[in-house]
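Nothing in this text is a laboratory measurement; each read-out follows from the coordinates by a stated rule. All of these numbers come straight from a predicted model, not from anything done at the bench. As a convention, Cβ positions derive from the backbone with ideal geometry for all residues, glycine included, and neighbour counts pool all protein chains shown.
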Amino acid sequence: MKTTFEFSDNVVGIILEQKVDHDRLKQIQQMLQEKIEKYDKINVYLEDRHDDGITLKAVFKDLLFEMQQKNSLHKIAVVTDAKFFKLFTEVKKILVDAQVESFDKEERMKAMNWVMQ
């Protein structure tokens, strides 16, 4: 289960209620692709509510998608306390052209402000 919301036209918010597997990732990517087609460049706020993280297969699919969309993703804020998700975010910083930052759950408001700037 995931919840989505918008801060503004080009800022998409996604709250993950459970582990991200291949199928959930496809749904998220489809939604992001629709926004990219409409606004060219978007920012993404991603919050992992239950610290279930992401499957290894989804990690690689996500990186591939983000590298393919390198000119369309401006900022990605990841809010999680899960160590694996945080590690994955650090890898993204190296491989993806977008500005990527990881925030602890208690820093949720800081993440929202950062991704909207």
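Over all pairs of distinct alpha carbons, what does the Kirkwood formula give as the hydrodynamic radius of the chain, in Å? Write out the running numbers ahead of the final one.
Values: mean 1/r = 0.0722 Å⁻¹.
One over the average 1/r among Cα pairs gives 13.9 Å for the chain.
At what distance in nm do the modelled label points of GLN117 and GLU6 sit from each other, each positioned 7 Å from its Cα along Cα→Cβ?
My value for the distance between the label points is 2.4 nm.
Could you pull out the pairs from LYS83/LYS105; LYS41/LYS110; LYS19/LYS61; LYS35/LYS70; LYS26/LYS110; LYS61/LYS93 whose alpha carbons sit more than 24 Å apart here?
Result: LYS26/LYS110 exceed 24 Å.
Can you tell me the length gained on complete extension of the stretch ASP23 to HIS50, counting 0.36 nm per residue apart and subtracting the Cα distance?
This chain segment gains 7.9 nm when fully extended.
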